[in-house]
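Reading through the structure tokens given below for one structure.
Where a number appears in this text, it was derived from the coordinates with a stated rule and is not lab data. Keep in mind it's a predicted model, so treat the numbers as computed, not measured. So basically every Cβ, Gly included, is an ideal-geometry build from the backbone, and we count neighbours across all protein chains shown.
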Amino acid sequence: MEEQDEAFKDISDITMSGSVLTRFVTSNDAKFREVSKMLRERGIQVDRVRTSYPEVQGDTLREVVVSALEWLSPRLGDDLLVDDSGLFIRPLLGFPGVYSSYVYRTIGCGGVLRLLQGMRDREATFEACFGLLTGGRSVVFKGHCPGAIAEEERGLGGFGFDPIFVPRGHTRTFAEMSLTEKNAISHRGRVAEELVGYLENVGRERR
Ligand code: IMP
């Protein structure tokens, strides 16, 4: 797996012509809405593959996306994008982190609020990691959004832990923001920016 600054050269012409960038493999409707909106706004098309894949229980988001691409590539071929993300809560020493999906499905936002009951330190960070496979090579992008866990659930938008996460410098939770507002500051929005910048650079190199 290459790091993102080691440019790979063989992205197909169709990719850079703005028709289809890649296929985002996700079973999560909300993630697809967020990512496809951001890429579309930058003239990049992304198709969706609604399938799930075995998520190895790695120690880092990076391990999860790398192994996802390794599993998916012989099955689906090239031009794939995957996202793994999580909520890292400082007073809980980073929990739920890579276990965020499981923790959301089991104890949910209410359970996390109970774990933090009475705690003054509520600092938390959302992290997102994209894995892109194209031309037989992979590249990993990472982004984060610092903030804090609210005292109670607020808002109806978004998904997952959005109702309990207040990004730093704001008073509303992600779930109280529009998709455009969330994308402008979120972990996933930052990774998408990196991805777009990277692809634009590769495109310039090819012209
Ligand atoms: P995964 O990336 O599919 O493994 O899921 C990570 C889990 O983290 C999701 O099920 C959500 O509960 C949570 N999560 C990841 N990104 C976000 C986000 O942008 N907002 C709210 N929750 C998120």
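Given the Cα-Cα distance of Asn201 and Arg168 and 0.36 nm per residue of separation, how much length would full extension add, in nm?
Details: separation 33, 0.36 × 33 = 11.88 nm, distance 3.02 nm.
Roughly 8.9 nm would be gained on extension.
Could you please report the charge total around Gly110, scoring K, R as +1 and D, E as -1 over all other residues with beta-carbon less than 11 angstrom from its beta-carbon? Walk me through the numbers on the way to the answer.
On the way: positive: Arg114; negative: Glu152, Glu153.
Within the 11 Å Cβ shell, the charges total -1.
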If amide hydrogens are placed 1.01 Å from N in the peptide plane, which non-local residues have theirs closer than 5 Å to the one on Phe24? Asp47, Arg48, Val49, Leu81
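Only helical DSSP H runs with n ≥ 4 go in: add -39500 (n - 2.57) per run for the chain, normalise by residue count and round the 222 nm mean residue ellipticity to 500 deg cm²/dmol. Before the final figure, lay out the partial values.
On the way: 7 runs with 75 residues, N = 207.
My calculation for the chain gives -11000 deg cm²/dmol from helical runs alone.
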Residue by residue, what Karplus-based ³J(HN,Hα) values in Hz, rounded to whole numbers, does the range 64-75 have, using 6.51, -1.76 and 1.60 with θ = phi - 60° and x for Gly and Pro? 5, 6, 4, 6, 5, 5, 5, 6, 6, 4, x, 8
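Rounded to the nearest 5, what % of the DSSP beta bridges within the range 2-206 are antiparallel ones?
Numbers: 26 of 34 bridges.
Roughly 75 percent of the beta bridges in the range 2-206 run antiparallel, per DSSP.
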Percentage of interatomic Cα-Cα distances in the chain larger than 22 Å: 48 percent
Quick one: Karplus J couplings for the range 121-134, per residue in order, coefficients 6.51, -1.76, 1.60, θ = phi - 60°, nearest Hz, x for Gly and Pro? 6, 10, 4, 8, 9, 8, 10, 9, 9, 9, x, 10, 10, 7
Could you work out how much longer the chain between Asp47 and Glu123 gets when fully extended? Use 0.36 nm per residue separation minus the Cα distance between them, nm to one decimal. 23.8 nm
How large is log10 of I(q)/I(0) for the range 147-207 at q = 0.18, 0.27 Å⁻¹ when the intensity is taken from the Debye formula with one equal scatterer per alpha-carbon? -0.62, -1.05
The ³J(HN,Hα) series, computed from each phi in the range 44-54 with the Karplus coefficients 6.51, -1.76 and 1.60 at θ = phi - 60°, rounded to the nearest Hz and given as x for glycine or proline, is 10, 8, 10, 8, 10, 10, 8, 9, 9, 9, x
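What trypsin sites (Lys or Arg not before Pro) in the range 94-128 are in a loop by DSSP, with at most 12 other Cβ atoms within 10 Å of the Cβ? Each step should come with its number before you reach the end.
Details: sites: Arg105, Arg114, Arg120, Arg122; in loops: Arg120, Arg122.
Here the trypsin sites (Lys or Arg not before Pro) that fit, given the DSSP loop and packing criteria, are Arg120.
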Normalised by the number of residues in the range 100-207, what is the relative contact order in percent for Cα pairs under 8 Å and 6+ residues apart? 23 percent
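Can you tell me the convex hull volume per residue for the range 64-159, based on C-alpha atoms, in Å³ to the nearest whole number?
Numbers: hull volume 10.7 nm³, N = 96.
Spread over its residues, the Cα hull of the range 64-159 gives 111 Å³ apiece.
Net charge near Ser186: determine it from the other residues with C-beta under 10 Å of the C-beta of Ser186, scoring Lys and Arg +1 and Asp and Glu -1.
Working: positive: Lys182, Arg188, Arg190; negative: Glu34, Asp162, Glu181.
Counting the neighbours of Ser186, the net charge comes to 0.
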Length-normalised contact order of the chain, Cα under 8 Å, at least 6 apart, in percent, tallies to 20 percent
